[in-house]
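Take a look at the structure below.
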Amino acid sequence: MAVDKPAGLLSQPGLGPEQSDSVITRLQRQDQRLRLVHRLDRDTSGVLLLARGADALRRLSALFAERRINKLYQADVEGELHGCGCIASPLARLSRQPPRYGSHPEGRLAQTIWRVRTVGARSTRLWLRPLTGRSHQLRAHLAELGHPIVGDPIYGDAGRSCRLHLHAQALSFCHPFTQQRVRLIAQEVPFATEC
């Protein structure tokens, strides 16, 4: 099962009763067998994949672990950027409150391919393809590139937008039971330019 997660909703419950509302808690009211296959940050919108039952969860999790699921994101970043590139750096958690990640020699390798979609007056819209799936990978990589994601309260200037301009646009993979090619596409990018 795939859902188009809105920004501002947790993928799974956080710590404390004020963070109990989430995609998985809402959906498990309808079907207790549903399990999250991966997560999106609270402020990231877009395609989120769930599994029905232990066997589906095991097979889909294996596809993620083996990097056989292609992920495509869109993001608006601060400033003007041109062309395309690949960011490869080992990421580690640098602080806990708030959780912040960045390059560190003892971190885990993270790779992100980026390509410019459009250039605006104050920001650039990018296509992003993470080859790995580290926590805050896209946010940390783009901040280190000197172009934090618009509206990022941890790595950039949250005051410029009401929300983080990061959207999980699509997932594609071979279905773990039928071997048919699956492509899941979220609705259009929901970024508002003003609060």
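Summary of computed values
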item: Only one of 129, 139, 134, 93 that is basic (Lys, Arg), in a helix (DSSP H, G or I) and under 18 Å from the mean Cα position of the chain (by Cα); result: 139
item: Flag if residue 40 is open to solvent by less than 10 Å² (accessible area, probe 1.4 Å) and among the aliphatic types (A, V, I, L, M); result: no
item: Test: residue 35 is among the basic types (Lys, Arg) and outside any helix (DSSP H, G or I); result: yes
item: Candidate set: the range 27-70, residues that are touching a helix residue (DSSP H, G or I) at 6+ places or on another chain (Cβ under 9 Å) and touching a residue at least 60 places away in the same chain (Cβ under 8 Å); chosen: the one farthest from residue 187 (Cα to Cα); result: 68
item: Hey, residue 126 free of Cβ contacts under 8 Å to residues at least 60 places away in the same chain and buried (at least 20 other Cβ atoms within 10 Å of the Cβ) or not; result: yes
item: Residue, farthest from residue 166 (Cα to Cα), within the range 7-18, restricted to residues that are open to solvent by 70 Å² or more (accessible area, probe 1.4 Å) and in a loop (DSSP other than H, G, I, E, B); result: 15
item: Verdict on residue 31 being under 26 Å from residue 183 (Cβ atoms) and either polar (S, T, N, Q) or exposed (fewer than 13 other Cβ atoms within 10 Å of the Cβ) (or both); result: yes
item: Per-region count, the range 156-195, residues under 26 Å from residue 37 (Cα atoms) and either part of a loop (DSSP other than H, G, I, E, B) or of a type in the set (Lys, Arg) (or both); result: 17
item: Hey, residue 21 among the acidic types (Asp, Glu), surrounded by fewer than 20 Cβ atoms within 10 Å (Cβ to Cβ) and out of contact with any Leu (no Cβ under 9 Å at 6 or more places or on another chain) or not; result: no
item: In the range 73-86, residue most open to solvent (accessible area, probe 1.4 Å) [restricted to those that are assigned to a strand (DSSP E or B) and more than 22 Å from residue 45 (Cβ to Cβ)]; result: 84
item: Options 122, 96: the member that is more than 21 Å from residue 165 (Cβ to Cβ) and out of contact with any strand residue (DSSP E or B) (no Cβ under 6 Å at 6 or more places or on another chain); result: 96
item: Positions within the range 155-190 being among the β-branched types (Val, Ile, Thr) and surrounded by fewer than 16 Cβ atoms within 10 Å (Cβ to Cβ), in sequence order; result: 178, 182, 185
item: Count - residues of the range 142-155 that are in a helix (DSSP H, G or I) and either acidic (Asp, Glu) or touching a residue at least 60 places away in the same chain (Cβ under 8 Å) (or both); result: 2
item: Filtered residues of the range 100-120 (kept if of a type outside the set (Lys, Arg), under 16 Å from residue 142 (Cα atoms) and either under 19 Å from the mean Cα position of the chain (by Cα) or not in a strand (DSSP E or B) (or both)); result: 101, 102, 103, 104, 109, 110, 111, 112, 113, 114, 116
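The values are calculated or read from the model by the stated rules, or taken from the named source; none is laboratory data. Model, not experiment: these values are computed from the prediction. Cβ: placed from backbone, ideal geometry, glycine included. Neighbour counts: every protein chain shown. Please note that ligands, DNA and RNA were not included when accessible areas were found on the heavy atoms of the full protein model with its side chains. Shrake-Rupley method; radii C 1.70, N 1.55, O 1.52, S 1.80 Å.
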